[in-house]
């Protein structure tokens, strides 16, 4: 699994719900984050624009599991 991250949106610390390259999803609030050598920040459209459909679907599914954990 990935190293624990500290989310700049909700300030929770823990393992991300999903991570694809430098993009991670906070397991607490579902925020998309960029994790790189300069630190952790919220992802922008420009950060996710290069991702393919499968990767975007993976991130969307991870966020959906946080928002609706009982739903499959």
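Side notes on the structure shown:
- Across the chain, the relative contact order, built from alpha-carbon pairs under 8 Å that are at least six residues apart, equals 25 percent.
- Legend: ranking of residues 58, 38 from fewest to most surrounding C-beta atoms inside 10 Å; resulting order 38, 58.
- Ranking of 35, 25 by count of other Cβ atoms within 10 Å, fewest first: 35, 25
- Cβ-based exposure ranking for 3, 37, 47, in which fewest neighbours within 10 Å come first: 37, 3, 47
- Most mobile of 50, 24, 62 in a GNM of the chain (Cα contacts under 10 Å): 50
- Residue of 14, 30, 52 that the Gaussian network model of the chain assigns the largest fluctuation, springs spanning Cα pairs under 10 Å: 52
- Considering only 46, 12, 31, the Gaussian network model of the chain with Cα springs below 10 Å gives its largest mean-square fluctuation to 46.
No value in this document is a laboratory result; all are computed from the given coordinates. Values in this document were obtained by computation on a predicted structure and should not be read as measured data. For neighbour counting, all protein chains shown are included, and Cβ atoms are generated from backbone atoms with ideal geometry for every residue, glycine included.
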